[in-house]
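Student: The structure follows.
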Amino acid sequence: MITLYGIPNCDTVKKARTWLTDHGVDYSFHDFKKQGVPEAHLDAWLAAVGWETLVNRKGTMWRKLDAAAQAAVVDAASARALVLTQASIIKRPVVEWADGRITVGFDASKWRV
């Protein structure tokens, strides 16, 4: 089973969900706002894609952080601590594919089922 993690009102998450539906792909949706960041999965995401990919340093939430908070994110451990308290800082969507792959973001040309 595919699990898509994100925030329902995020435009990129909406595009990803539409793509999955249009391609007849069954998936479950995990809402960061309602269900939080699953700690058990977070470590796998960090190992698979790296903290630099997982933390959205171009987004609104990153820009809202003060300079000290931004400067404190220097490795996987500090990124982990931040995303556990600020789920919206995660680049979305995070997808756990049925074959074990983990991807971050949406690019229809790179997605395969």
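Student: Grab the DSSP H runs of the chain that are 4 residues or longer, score each as -39,500 (n - 2.57), total them, divide by all residues and round the 222 nm result to the nearest 500 deg cm²/dmol.
Tutor: -11500 deg cm²/dmol
Student: While we're looking at this one, here's another question. Given a cut-off of under 8 Å on Cα pairs at least six residues apart, what relative contact order in percent is computed for the chain?
Tutor: 37
Student: Go through the range 1-108 and name the trypsin sites (Lys or Arg not before Pro) that are in a DSSP coil and have 12 or fewer other Cβ atoms within 10 Å of their Cβ.
Tutor: K58, R101
Student: If you put +1 on each Lys and Arg Cβ and -1 on each Asp and Glu Cβ, how big is the dipole of the range 2-104 around its Cα centre, in Debye rounded to 20? If you can, show how the numbers build up before the last one.
Tutor: Working: 13 positive and 11 negative charges, 91 e Å.
Magnitude of the dipole: close to 440 debye.
Student: Something else about it: Whole-Hz Karplus ³J(HN,Hα) for the range 12-29, in order, using 6.51 cos²θ - 1.76 cosθ + 1.60 and θ = phi - 60°, x for Gly and Pro?
Tutor: Result, ordered by residue: 5, 5, 4, 4, 5, 5, 4, 4, 4, 5, 4, 9, x, 9, 6, 8, 10, 10 Hz.
Student: Just the number, please: percent antiparallel of the DSSP beta bridges in the range 1-98, rounded to the nearest 5.
Tutor: On the way: 4 of 9 bridges.
Given both bridge residues lie in the range 1-98, the antiparallel proportion sits at roughly 45 percent.
Student: A further question follows. Report the dimensions of the range 2-104 along its three principal axes from the alpha-carbon atoms, largest first, rounded to Å.
Tutor: Reported extents, whole Å, longest axis first: 45, 25, 21.
Student: Please enumerate, by chain and number, the lysines with C-alpha under 16 Å from the C-alpha of K64, excluding those fewer than 8 residues away in the same chain.
Tutor: Cross-link targets: K91.
Computed from the coordinates by the stated procedures, all read-outs in this text should not be read as laboratory data. All figures in this text were calculated on a predicted structure; none of them were measured in a lab. Don't worry about glycine lacking a Cβ; one is built from the backbone with ideal geometry, like all the others, and counts go over all protein chains shown.
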